[in-house]
Amino acid sequence: MAQTETKEQSTRTRIVEASAELFRRHGYAGTGVKAIVASSTSTYGSLYHFFPGGKEELGVVALRSGGETYRRLVEAFYTEGADVVVATNSFFEGAAIVVEMTGFADACPIATVALEVADTSEPMRQAAAEAFESWLAVLEKRFSEAGMDPARAREVAVELFCAIEGAFLLSRTIRSTEPIKIAGRACSAAVGAAVGRTQVASRNRRAKRARNVIP
């Protein structure tokens with residue numbers, strides 16, 4: 001019984017991973033169930049056994065899986081106690097390397113599908129939004145820990161997210177990593193400035209309190 005469960009889990013994983021890869025490369029509409037079955041070396045019966053809701057249900061799971069994978073990647077760069085400026089620079093440098101190594105085909109695991117389904121599938125829109133929010137939460141937490149005001153930490157996280165997504169799009173279109181590198185320099189500077197402003201403001205507040213207690 002345990003062996004059967006393991007085999008089923010393996011089949012389900014292959015279907016989800018194949019779907020995520022196909023959706024990322026060809027889009028949701030451009031990927032048919034037949035292609036998913038072939039790529040995952042499974043059967044139509046297996047696909048509908050695990051995903052009775054069909055392609056849309058599979059799309060939701062694939063988005064969540066891709067979102068979780070990318071969240072772990074963000075966490076790998078923005079580790080607890082890391083210098084957030086250095087982490088930001090490394091994050092964009094790593095993204096540029098991956099995009100170039102994959103022939104400008106491999107970038108964000110969510111964006112391609114999110115653009116397609118935002119107005120056509122509410123379950124998939126929600127799954128994409130949850131994935132994006134999980135990434136933002138990691139950034140926001142690390143920026144706050146670095147000393148940024150919570151509201152500013154959220155803003156900087158969104159700025160970074162928008163910059164990397166836009167850079168992915170332009171880099172893949174013009175077949176150059178330069179947009180990612182430019183965005184990385186801009187975001188590293190923005191993160192550094194936000195941390196620096198916070199630290200200066202904190203020192204000023206401490207100095208003011210010190211002056212107030214001096215007789």
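The values are calculated or read from the model by the stated rules, or taken from the named source; none is laboratory data. Because the structure is predicted, anything quoted here is derived from the model rather than measured. Because the Cβ atoms are built from the backbone with ideal geometry, glycine has one as well, and the counts that use them run over all protein chains shown.
Numbers for the structure displayed
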read-out: Segments classed as helices (runs of 4 or more DSSP H), wholly inside the stretch 73-171, with at least 3 members that are over 17 Å from ARG24 (Cβ atoms) and either of a type in the set (Asp, Glu) or over 12 Å from the mean Cα position of the chain (by Cα) (or both); value: 84-101, 122-145
read-out: Any pair with Cβ under 7 angstrom, 6 or more apart, that starts in the stretch 93-110 at a residue that is among the acidic types (Asp, Glu) and ends at one that is part of a helix (DSSP H, G or I) and modelled with pLDDT of 85 or more; value: GLU93/GLY184; ASP106/VAL98; ASP106/VAL99
read-out: Among (1) crowded, with 16+ Cβ neighbours inside 10 Å; (2) at positive phi, the one test that GLY54 misses; value: (1)
read-out: Boolean, ALA131 is among the aliphatic types (A, V, I, L, M), closer than 30 Å to TYR44 by Cβ, touching a Phe, Trp or Tyr at 6+ places or on another chain (Cβ under 9 Å) and surrounded by 21 or more Cβ atoms within 10 Å (Cβ to Cβ); value: yes
read-out: Condition met for PRO123 (surrounded by fewer than 22 Cβ atoms within 10 Å (Cβ to Cβ) and touching a Leu at 6+ places or on another chain (Cβ under 7 Å)); value: no
read-out: Among residues of the stretch 69-102, those that are touching an Asp or Glu at 6+ places or on another chain (Cβ under 7 Å) and either under 26 Å from LYS55 (Cα atoms) or surrounded by fewer than 18 Cβ atoms within 10 Å (Cβ to Cβ) (or both), counted; value: 1
read-out: Where a residue in the stretch 165-180 is within 18 Å of LEU136 (Cα to Cα) and touching a residue at least 60 places away in the same chain (Cβ under 8 Å) and its partner, wherever it lies, is outside any loop (DSSP other than H, G, I, E, B) and not β-branched (Val, Ile, Thr), with Cβ under 6 Å and at least six apart; value: ALA167/PRO179; ALA167/ALA183
read-out: Which listed residue is touching an Asp or Glu at 6+ places or on another chain (Cβ under 8 Å) and either closer than 22 Å to PHE91 by Cα or at pLDDT below 90 (or both), from GLU155, GLU165, GLU145, GLU178; value: GLU145
read-out: Any hit, the stretch 186-203, residues being closer than 18 Å to ILE97 by Cβ and either loosely packed, with under 14 Cβ neighbours inside 10 Å or touching a residue at least 40 places away in the same chain (Cβ under 8 Å) (or both); value: yes
read-out: Members of the stretch 5-56 that are more than 26 Å from ARG172 (Cα to Cα) and in contact (Cβ under 8 Å) with a residue 60 or more places away in the chain; value: GLU56
read-out: Evaluation of GLY66 against (1) over 18 Å from the mean Cα position of the chain (by Cα); (2) buried (at least 17 other Cβ atoms within 10 Å of the Cβ) (one fails), failing number; value: (1)
read-out: Some residue of the stretch 103-111 being surrounded by 15 or more Cβ atoms within 10 Å (Cβ to Cβ), more than 18 Å from PHE161 (Cα to Cα) and of a type in the set (Phe, Trp, Tyr); value: yes
